[in-house]
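Right, one structure below, let's go through it.
Each reported figure results from applying straightforward, stated rules to the coordinates on display, with no laboratory input. Small disclaimer: the values here were computed from a predicted structure and weren't measured.
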Amino acid sequence: MSLTFLIGFMGSGKTTHGRKLANFLDVDFIDLDEVFEQQNGTISNYFTVFGEEKFRQTESDLLKNTVYPENAIVSTGGGLPVFFDNLNWMKQHGTVIYLQVPPGVIAARLSNAKNERPLLQHKTGNELLQFITERLAEREPIYLKAQIIADGVGITARKLADLLVHHST
Ligand SMILES: Nc1ncnc2c1ncn2[C@@H]1O[C@H](COP(=O)(O)OP(=O)(O)O)[C@@H](O)[C@H]1O
Ligand SMILES: O=C(O)C1=C[C@@H](OP(=O)(O)O)[C@@H](O)[C@H](O)C1
Ligand SMILES: [Mg+2]
């Protein structure tokens, strides 16, 4: 096998399904946000202290300097592919899967899980949905450059594994 990167908007299920897929395939799982927080404290606090620009630089350095196992599923932060040459770097070092999920579903999922995501903190109801809709519209053309596009609603580890097998044959 090799490296598989999961990309997509906040709440698309990269962490949840990345972990399940790694389990299903019996390979290592790496969540880059988790590694970031082990090294730097919470992302939320990092945004407050250093700002988003510094976060994006550190996040990109982390992507490129991490020593990966030979076979692993790597879940990324939602903004990672849209900065610098991060997406091309991932495509050159592995297979990139975009977990595509519509804004309404994301908003429902994140209404209770937004506090640890600095871009969403303090947004409520319609404001949250509007922000997600606009930001996703900006980012999606980049996400769609992934080698594999997966319907993230109703996705399972088995379906993701099948998509990977079909892609490589
Ligand atoms: N079908 C689903 N797939 C993935 N996550 C879901 C699903 N239903 C609800 N959730 C919730 O959505 C939230 C975001 O999932 P997460 O895996 O952290 O996304 P990401 O890493 O892409 O930001 C979690 O709180 C999770 O429990
Ligand atoms: O979309 C983004 O810009 C971000 C997504 C987050 O990761 P998740 O996609 O796992 O929530 C995290 O990296 C940070 O809060 C910024
Ligand atoms: Mg995540």
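Placing one identical point scatterer on every Cα of the chain and ignoring solvent, what is log10 I(q)/I(0) from the Debye formula at q = 0.12, 0.14 Å⁻¹?
-0.51, -0.70
What pairs in LYS14/LYS123; LYS54/LYS114; LYS114/LYS159 have C-alpha atoms more than 29 Å from each other?
Flagged as over cut-off: nothing, all pairs pass.
When 1/r is averaged over all different Cα pairs and the result inverted, which Kirkwood radius in Å belongs to the range 1-99?
For the range 1-99, the Kirkwood estimate is 13.6 Å.
Express in whole angstrom the spacing between the alpha-carbon centres of the range 1-76 and the range 120-169.
15 Å
Give me Rg over Rh for the range 96-169, both radii from the alpha carbons and Rh done the Kirkwood way, two decimal places.
1.05
Using only DSSP helix segments of four residues or longer, with each worth -39500 (n - 2.57), what per-residue ellipticity at 222 nm results for the chain after dividing by its residue count and rounding to 500?
-16000 deg cm²/dmol
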